[in-house]
Amino acid sequence: MLQFRAGLAEMPVYDVTERDWKIKINANESSLNLPPLVEERVLSRLSSIAFNRYPNDEGDQLREQIASSLHLKKENVCLGNGSSEIIEKICYAFGGSGHTIVYPEPSFSMYRIYVEMAGAEGIAVPTRKDYRGDVKKFVSTVQERKASLAIICNPNNPTGNFLPLHDVAYLAHHLDCAFLVDEAYIEFGGSSAVSLMKHFPNVIVARTFSKAFGLASARVGYMLAAPEVVQMVSRVYMPYHLNVLSLVTADIVYQMRDEYAPRIAMTISERQRLEEQLKELPGLTVYPSRTNFLLVKCDCAAALNEALAAQGIGVRCFGEAPGLANCLRISIGSREENDIWFKSVKDFMEGRS
C-alpha cells in the first residue's frame, strides 16, 4: 500500500496550465525575447559548452559579477532556479515543525505553499484596503508569534504597490528574525533593500532574471545575504541544481544588462500610459504600480475576463481569492498589444461588447 506524506493531498497547487493566447499578458513575462546583441553572444557561448561535464565554475563567475556590481562579496550571493526556488529554500532553512513564517496577504501565492512544504506554520497579515502594507501590524504579528522568518514582496505581486525604503528599514530594525525582501520586480521601480544589508544582517534579498531580463524559461535567480545565511541556505540545495545553459545565459545577460535599459524604460512608460487611460473608464479601479503589470478591480471582473478570453487575450483573474475579489492582473505587453487589450477593456466597460 502506498503511504504518501501526511497532508500532501491537501497541499495547494500553483496552476501553470496555459492555452495558446493571441495576446498573453497573464504571467508578468517580458513581451520581448533577448536583445539581438545579447542573443548573438549567448548563442556563441552555448556553442562552446561541454555538455558531457557537470557545472563547474560557471556559477562562481555569475556570483562574482553580481557581487561586484552591488559592492558585495561573492560570499554574499547564492544562485537558484528563479527567485522562487530561493524563497522555497529559505522557507525550508528557517522553517520546520514548531516554526512560524509571516507574510502579507494579498501577495505572491507561493509563499503559503512554500511555508507548508517547509512544515512550518504560516501566518498571513492582511494589507490595508488600498493594499498598502501596515508595517506596525506586521511587526507586532511577527513578535507575538515569535516567527523565525518574515517575508515581504516589494514591489508587491499581484497588487503592484511599493513599500518605501524607510518602511522596509523600520521592519528590518524591529524584526528579530530573518527578514526576506522579495525584489522580483525591483527593476521597474522603487528602492532596493540591498543598502540595508550592511546595517541589518537579518535582511535577505531575492531577485530574478525572469521579469526585467526576460529569462523566464531559463529559471535563474539570486539571493543576497550575510555569508553565514548563504552558507546555511546553500546546504538545502541539491548538487548541480543549476544547469550550465541557464548559468552561462544569465552570465551574459548580466554582463550586458545595459542592453535592457530601453526595454525597462518602455515598460514603465507603457504602464504609466495605461494606468492613466484605465482611470478614465467607468466602474473600473486601477491601483498604482511599480511593476510590469497593473491590478484593476470592477464588479464585472469575471465577465470581463471571459470577454477578453473569447478574443484570445489572457489576463489573470483572481476570482474570490482573499483580498482580491473582482480583481484582474494585466501584464504590460508591447505597445501594439497594449492598445488592443485596452480597446477591448474600454469597449466592455462602456457596454460595446
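The values are calculated or read from the model by the stated rules, or taken from the named source; none is laboratory data. Small disclaimer: the values here were computed from a predicted structure and weren't measured. All Cβ positions, even for glycine, are placed from backbone atoms using ideal geometry, and neighbour counts span all protein chains on display.
Numbers at a glance
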| item | result |
| --- | --- |
| Residues within the stretch 132-147 that are touching a residue at least 24 places away in the same chain (Cβ under 8 Å) and either surrounded by fewer than 20 Cβ atoms within 10 Å (Cβ to Cβ) or in a helix (DSSP H, G or I) (or both), tallied | 9 |
| Hey, residue 221 in the same structural domain as residue 157 (by TED's automatic domain parsing), farther than 17 Å from residue 55 by Cβ and not β-branched (Val, Ile, Thr) or not | no |
| Those residues of the stretch 174-198 which are assigned to a loop (DSSP other than H, G, I, E, B) and either among the small types (Gly, Ala, Ser) or not assigned by TED's automatic domain parsing to the domain that holds residue 84 (or both), in sequence order | 184, 189, 190, 191, 192 |
| Single residue of the stretch 237-296 satisfying the filter (of a type in the set (D, E, K, R) and part of a loop (DSSP other than H, G, I, E, B)) that is farthest from residue 28 (Cα to Cα) | 280 |
| Test for residue 302: is it within 24 Å of residue 163 (Cα to Cα) and either in contact with an Asp or Glu (Cβ under 9 Å, 6 or more places away or on another chain) or not charged (D, E, K, R) (or both) | no |
| Residue tally, condition touching a strand residue (DSSP E or B) at 6+ places or on another chain (Cβ under 8 Å) and surrounded by fewer than 16 Cβ atoms within 10 Å (Cβ to Cβ), over the stretch 188-235 | 1 |
| Any hit, the stretch 52-65, residues being assigned to a loop (DSSP other than H, G, I, E, B) and surrounded by 17 or more Cβ atoms within 10 Å (Cβ to Cβ) | yes |
| Yes/no for residue 115 being outside any loop (DSSP other than H, G, I, E, B) and either more than 24 Å from residue 231 (Cβ to Cβ) or not assigned by TED's automatic domain parsing to the domain that holds residue 154 (or both) | no |
| Breaking point among (1) assigned to a loop (DSSP other than H, G, I, E, B); (2) surrounded by 16 or more Cβ atoms within 10 Å (Cβ to Cβ); (3) out of contact with any Asp or Glu (no Cβ under 8 Å at 6 or more places or on another chain), for residue 150 | (1) |
| Lone unmet requirement of (1) touching a helix residue (DSSP H, G or I) at 6+ places or on another chain (Cβ under 6 Å); (2) surrounded by fewer than 20 Cβ atoms within 10 Å (Cβ to Cβ); (3) assigned to a helix (DSSP H, G or I) for residue 303 | (1) |
| Residue that is farthest from residue 61 (Cα to Cα) [pool: residues in the stretch 245-290 that are surrounded by fewer than 20 Cβ atoms within 10 Å (Cβ to Cβ) and of a type in the set (Val, Ile, Thr)] | 285 |
| Test result for residue 122, closer than 21 Å to residue 288 by Cβ, of a type outside the set (Ser, Thr, Tyr), buried (at least 18 other Cβ atoms within 10 Å of the Cβ) and not assigned by TED's automatic domain parsing to the domain that holds residue 321 | no |
| Members of the stretch 16-40 that are over 16 Å from residue 291 (Cα atoms), surrounded by 15 or more Cβ atoms within 10 Å (Cβ to Cβ) and in contact with a Gly (Cβ under 8 Å, 6 or more places away or on another chain) | 21, 23, 24, 34 |
| Residue 324 vs. criteria farther than 30 Å from residue 78 by Cβ and assigned to a loop (DSSP other than H, G, I, E, B) | yes |
| Pair list, Cβ under 9 Å, 6 or more apart: the stretch 297-322 residue under 11 Å from residue 345 (Cβ atoms), other residue among the charged types (D, E, K, R) | 305/316; 307/347; 311/22; 313/22; 313/24; 313/337; 315/329 |
| Pairs with Cβ under 6 Å, 6+ apart, first in the stretch 180-202 and over 22 Å from residue 267 (Cβ atoms), second part of a loop (DSSP other than H, G, I, E, B) | 201/226 |
| Only one of 283, 323 that is over 19 Å from the mean Cα position of the chain (by Cα), at positive phi and not acidic (Asp, Glu) | 283 |
